[in-house]
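Note sheet for the following structure.
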Amino acid sequence: LAELARGRRLLAPFESALPVLVPPWNRMDHNLLARLPAIGLEAVSAYKARPAPEPAPGVRRTNAHADLFYMKGHFIGEAAVLKLIVDHLAARRKGLVDGDEATGLLTHHLELDDAGWAFVGKFLGHTRDHAAVRWIGGRQVFWP
């Protein structure tokens, strides 16, 4: 908690820094959730469909649903990523997961290879102006 609190204090002056914890490898002790508001963290993001939009009082949760790589720097491929995205969208439509949770990409931006970045560019290009797609900012992802 002390390390997380220090990190939050260091980032707080930056207007674009959101009070969101994205745990390493998207894994964390769920007992930590209730303690996050005390250190200035108001939201959390991990992987796969969220079990609840508010996993602890004062903590919002929105996860990513398509992990773009399987090993350090290796893109999983366009078809595999698109399947993960479509699977999450279908589960939302069928009511199998929280229909209000945005569908997110987990890019591992510091580790992603050229093929992965090429996919991201292509994906953004195809979806940016699509009538069925609405891209939203980070604040709206967690606090709609």
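The values are calculated or read from the model by the stated rules, or taken from the named source; none is laboratory data. From a predicted model like this one, the values you see are computed outputs, not experimental measurements. Note that each Cβ is placed from the backbone with ideal geometry, even for glycine, and that neighbours are counted across all protein chains shown. Surface areas here come from the heavy atoms of the whole protein model, side chains and all, with no ligands, DNA or RNA. Shrake-Rupley method; radii C 1.70, N 1.55, O 1.52, S 1.80 Å.
Taking only Cα atoms and a 10 Å spring cutoff, compute GNM fluctuations for the chain and point out the largest among VAL133, VAL22, VAL81.
Fluctuation is largest for VAL133.
Run the quick spin-label model on LYS122 and ILE136: label points 7 Å from Cα toward the beta carbon, then report their separation in nm to one decimal.
Distance between label points: 2.8 nm.
Output the direction-averaged projected area (hull surface divided by four) of the convex hull of the alpha-carbon atoms of the chain, in nm².
Details: hull surface 37.5 nm².
Value for the chain: 9.4 nm².
Once you put a point 7 Å from the Cα of GLU3 and another 7 Å from the Cα of TRP143, both along the Cβ direction, what distance in nm separates them?
2.7
Any idea how far apart HIS109 and ARG27 come out in nm if each label point goes 7 Å out from Cα toward Cβ?
Result for the modelled spin labels: 2.5 nm.
Okay, helix-only estimate at 222 nm for the chain: each DSSP H run of n ≥ 4 adds -39500 (n - 2.57), divide by all residues, round to 500 deg cm²/dmol; what do you get?
Taking each H run of at least 4 residues, the total per residue is -9500 deg cm²/dmol.
Percent of accessible area on the range 1-84 owned by carbon and sulfur, 1.4 Å probe?
Accessible surface attributable to carbon and sulfur in the range 1-84 totals 59 percent.
Show me the trypsin sites (Lys or Arg not before Pro) within the range 17-118 that DSSP assigns to loop and that have at most 11 other Cβ atoms within 10 Å of their Cβ.
The qualifying sites are ARG27, LYS72, LYS94.
If DNA, RNA and ligands are ignored and the probe is 1.4 Å, what is the ranking of TRP25, TRP135, TRP117 by accessible area, most exposed first?
TRP25, TRP135, TRP117
Per residue, how large is the accessible surface of the range 68-144? Use a 1.4 angstrom probe and give square angstrom.
67
With a cut-off of 8 Å between alpha carbons and a minimum separation of six or more residues, what is the relative contact order of the chain in percent? Working shown, then result.
Values: 178 pairs, mean separation 28.7, N = 144.
Reported as a whole number, the value is 20 percent.
How many angstrom lie between the C-alpha centres of the range 2-55 and the range 66-133?
22
Which of PRO37, PRO53, PRO24 moves the most in a Gaussian network model of the chain with Cα springs under 10 Å?
Greatest mean-square fluctuation among the candidates belongs to PRO24.
Would you please give the FRET efficiency between LYS83 and ALA52, computed as 1/(1 + (r/R0)^6) with r the Cβ-Cβ distance and R0 = 30 Å, to the nearest 0.05?
0.75
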